[in-house]
Amino acid sequence: MARTLVVVGNGMVGHRLVQALRDRDAAGAWRVVVFAEEARPAYDRVALTSYVDTWNPLALQLDGAEFDGDDRVELNLGDAVVGIDRQARTVTTASGRVQAYDTLALATGSAPFVPPVKGSDLPGCHVYRTIDDLDAIRDTAERARTGLGRGAAMVVGGGLLGLEAAKALRDMGLSPHVVEFAPRLMPLQVDEGGGALLKRLIEELDVTVHAGTTATVIEEDRGRLIAKLTNGVELDLDLVVFSAGIRPRDQLARAAGLTVGERGGIVVDSGCRTSDPHVYAIGECANLDGKVYGLVAPGYAMAEIVADRILGGAATFPGADMSTKLKLMGVDVASFGDAHATEEGALEVVFNDAVKGTYRKLVVSNDAKTLLGGILVGDANDYATLRPMVGRPLPGDPGALLAPAGGSGGGVGVGALPDEAQICSCNAVSKGDISEAIVVGGCDDVTKLKACTKAGTSCGSCVPMLKQLLTVCGVEQSKALCEHFDQSRAELFEIVRVTGITTFSDLIGKHGSGRGCDICKPAVASILASLGNGHILAGEQASLQDTNDRFLANIQRNGTYSVVPRIPGGEITPEKLMVIAQVAQDYGLYTKITGGQRIDLFGATVDQLPGIWKRLVDAGFESGHAYGKALRTVKSCVGSTWCRYGVQDSVGLAVELELRYRGLRSPHKLKSAVSGCARECAEARGKDFGVIATENGWNLYVGGNGGMMPRHADLLVSEVDKETLLKVIDRFLMFYIRTADRLQRTSTWLDAMEGGLDHLRDVVVEDSLGLCAELEAQMAEHVKGYADEWAGVLADPEKLARFTSFVNAPGTPDPTITFREERGQRVPVLLGTPEVIAR
Amino acid sequence: MTALAETVWVELCPLESIAREQGVAALLPDGTQVAVFRTHDDAVYALGNQDPFSGAWVLSRGILGDIAGVPVVASPMHKQHFDLRTGVCVDDETVSVPTYPVRVVDATILLGQT
Ligand SMILES: Cc1cc2nc3c(=O)[nH]c(=O)nc-3n(C[C@H](O)[C@H](O)[C@H](O)COP(=O)(O)OP(=O)(O)OC[C@H]3O[C@@H](n4cnc5c(N)ncnc54)[C@H](O)[C@@H]3O)c2cc1C
């Protein structure tokens, strides 16, 4: 009979334990019963602050959090465990249930520490730990907003979490004051010099910092809160958030007589076992080697250990890397190793650039030969190279490592690192693991490395190192488009854009070699089209196009084509529907509704295409570009016009977007959707760019994909008006068109981008490269220059003449194309492949 | 005796009805389909029109180019390349398509049949 594991706490670590056990327990030896105090399935607490962008709890939910379809897992939400009887091996829950266990795992996490400030329990005082906490903060903030002027808030605690809370409050439209007892912000991670710069950079973002002081009392005064600080300052506030550290939730264990640490935390051994061999503790409630780890990675390691142990393994805790790198309100902060030079005789090398706003410190051994740790503020690009070097001989003079030329550790490459060095600390992947995946596993690009080793899949800061490792391992990261061009697609795009070259012959003559091929020809044709060079079948361009573009239709397996007229936003009148139906009937075309809310007509031969399109164009249809690497459709839900839940007119916006970007040629196809409310019926987050309506505007998501490699789109901007939305989409699309590789969808483009989403946002929202005006102008050109491709063919006898099946027998249908009937429609008779002719 | 293997040249179409670096399909009286290509230097080649990998009669609609100096057409179905001169598939030399003799006389394309 299966044994029972009871898990108390369904936070990030508890959830990981259940997942790990279910993954490994193929024999089904264990049944898992989870009790969760919170009423929602496990979510990404690390990303809690991003909840403010969407207010959609589902966006934070962890993968597989509901254990749908797994009858070995029983998830009890909103039912906390209130007692443990270790003799009887049972737990009792708040609802009165008594559940027996064979093994018990405590994953109760920690609770925010609220310092003893008088008035800390007044309404308007909050903590910052759960989704419910943020909902409560939002409630108070909204009431504040109805008052006069900008609301004010105090955050008690200037550590990592306090600054995150300050960011959330600022995003909610309040002016935050951060009060920190230590003389500087983030005292655990940065030193005085770094703290000073951090304060300056944070204050530039409308956050007031009060360091070296603390609040003594909070009083209620006519519906507002007044906080008095020890330095004499009085703050007039709408709300207060306490974020002054965490305390492990060990009360349950304490009451059950388990050993707890002097400063709290359930004491466990290196196998995560408590003083009772039937009870484990993991995550932030555990005290291992006298330490309570406040980060998720060590917690995950503990979860994996317990899963292993429960199944008879002997895994032990490998020790944890407490290095951190984060971007706080756009300010880079990183600290790693012995950042505070606590080691005997440690030396510090500091490079402080007040003008650029960067602070960089390395801590080295007293002979200056070994790197011990460091701090980077303002620019943490070198974190990825420097962190794995901790504890290892320095490849050169420490000063040289800090040289601001940087970008890759001032010339220190990943090659200098030993095999054990951890490259991806989020997922514990070593340089050796990665090299092996490259050399033995045959991973020859970053995307494959990510899939195969998990490196670079969490925070992404090691992606540049993955690229370097590929080079070190001799994988030629050739950016050459094909044998005819040494340049990448992005480089060719720049050449065409800057030189104004308008033909393939000219380009290959000046910048390539040979005559071209089926790789470079369509790629260059697409570049020429993106930059507006007339009809895609004009002159030489026709010879560059893949068959789909050349016949403006999609080739199917028997050599016939399918036809997709544009139906913007999926909105169509009955009259137009009837035209499509009539054309399909007259030509005997198989019809099918597509996933993009339009109609696909199959089975047309090359010589039928002009006749079909003549009728469609006459009825007001135009090309749907289903055949092109171009904008396909902008799908929509019915939106506020009809739907009782809709908050905006999603169809109207979808139509507008589709008409704006129709015909836009890009490195790969582009799909989009607009949803009229957070229910997301249009599935916008599975699109290259997707828009979701909110009460106050539109949220824009980018980089989504369905298909073979599904990826949820990332939130780029939130709650913007339509004008801003269009501007940001214009820039996003043009930036993608300029810089992506051939056949690279926005999802992989974004995944491979150094700096990821933050960088993208810097470029297309903050305009960090000063490109935005140019990108917008280019899109304006496209919008102005758009003309229907099919109308263009019908108006040009020369182009029309190419639509014949046989050059010597125009009008003769292709005798090899035959149909049979299936479910009332015509489908192709499959062609036999000829017998292979041996040489 | 008459030479049985003598080549008969059949008129297909004017050279100008094929754009440079493109192909067209031609239908022979016996129902055979031939893909005729005109390269950048006005050389003309003819291959069987059937793509041996997919079975579809579409090779004439492929993109022309060169691979390591060899003039090729890429199948529009799955992009295998065929040597325009020999019909051999560059990506899998065990596969090939038939070739036909062609020549251009007075700007007219003639196809040889035996
Ligand atoms: C705003 C914020 C930002 C953060 N940023 C980072 C970061 O950048 N990097 C990083 O590594 N870490 C970060 N952390 C810390 C990280 O979230 C934690 O390390 C991680 O969540 C710990 O997981 P856990 O499962 O141990 O605890 P938790 O996630 O807290 O889960 C514990 C769960 O147990 C439940 N519980 C408690 N008692 C009981 C009971 N008696 N019965 C049933 N259920 C119970 C609780 O309600 C809770 O849901 C951040 C935390 C916050 C709040």
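A few comments on the model shown:
- Candidate aspartates and glutamates - alpha carbon under 16 Å from residue A:361, same-chain residues fewer than 8 apart omitted: A:191, A:192, A:332, A:338, A:343, A:348, A:353, A:379, A:382, A:397
- Accessible area of chain A divided out per residue, in Å², using a probe of 1.4 angstrom: 43
- Among A:9-18, A:337-346, sorting by the average number of other beta carbon atoms lying within 10 angstrom of each residue, highest first, gives A:9-18, A:337-346.
- Look at the Cα gyration tensor of segment A:125-244: its axes a ≥ b ≥ c give a/c of at least 1.5 with a/b over b/c, and that counts as prolate.
- Convex hull of Cα atoms in chain A, direction-averaged projection (nm²): 43.4
- Quick note on segment A:413-477: its Rg to Rh ratio, both from C-alpha atoms and Rh being the Kirkwood radius, is 0.90.
- Principal-axis tilt of helix A:160-171 within chain A, Cα atoms, nearest 10 degrees: 50
- Average beta-carbon neighbours from other chains, 10 Å sphere, peptide A:800-811: 5
- Mean residue ellipticity (222 nm) of the protein assembly as shown, computed from DSSP H runs ≥ 4 via -39,500 (n - 2.57), nearest 500: -7500 deg cm²/dmol
- Each peptide among A:113-121, A:76-84 gets the average number of other Cβ atoms lying within 10 Å of its residues, and from highest to lowest they stand as A:76-84, A:113-121.
- Accessible area of segment A:221-340 belonging to carbon and sulfur atoms, whole % at 1.4 Å probe: 47
- Whole-percent carbon and sulfur share, accessible surface of segment A:1-128, 1.4 Å: 48
- Drop in accessible area of at least 30 Å² in the complex versus isolated chain, residues of segment A:503-521, 1.4 Å probe: A:515, A:518, A:521
- Rounded to whole Å, the principal axis extents of the Cα atoms in segment A:247-353 read 55, 35, 29, largest first.
- Using alpha-carbon coordinates, inclination of helix A:463-472 to the longest axis of chain A, degrees: 70
- Out-of-range pairs (alpha-carbon distance over 21 Å; input A:167/A:722; A:467/B:79; A:167/A:454; A:592/A:635; A:521/A:669): A:167/A:722; A:467/B:79; A:167/A:454
- Amide H within-cut-off set for residue B:96, under 5 Å, with H built and near neighbours excluded: A:837, B:89
- Summed buried accessible area for A+B [probe radius 1.4 Å, Å², rounded to 100]: 3300
- Per DSSP, loop trypsin sites (Lys or Arg not before Pro) in segment A:466-498 with at most 15 further Cβ within 10 Å: A:479
- Centre separation in Å (Cα based) which lies between segment B:44-114 and segment A:422-487: 39
- Within 10 Å of each Cβ in A:538-549, the average number of Cβ atoms from other chains: 4
- Using θ = phi - 60° and Karplus 6.51 cos²θ - 1.76 cosθ + 1.60, couplings along segment A:442-455 (whole Hz; Gly, Pro as x): x, 6, 10, 8, 4, 4, 5, 4, 4, 5, 8, 10, 6, 4
- Counting Cβ atoms of other protein chains within 10 Å of each Cβ in A:490-496 and taking the mean gives 0.
- Folded to 0 to 90 degrees: helix A:772-785 orientation relative to chain A principal axis, Cα: 30
- Inter-part distance, segment A:1-25 to segment A:632-695, computed on C-alpha centroids, equals 39 Å.
- Segment A:489-545: Rg to Rh, with Rh as the Kirkwood radius over Cα pairs: 0.90
- Counting protein heavy atoms only, segment A:489-545 has 56 percent of its accessible area on carbon and sulfur, 1.4 angstrom probe.
The values are calculated or read from the model by the stated rules, or taken from the named source; none is laboratory data. All values reported here derive from a predicted model rather than from experimental measurement. Reconstructed Cβ throughout: ideal geometry from the backbone, glycine too, with neighbour counts over all protein chains shown. Areas reflect the complete protein model, heavy atoms only, side chains present, ligands, DNA and RNA absent. Shrake-Rupley method; radii C 1.70, N 1.55, O 1.52, S 1.80 Å.
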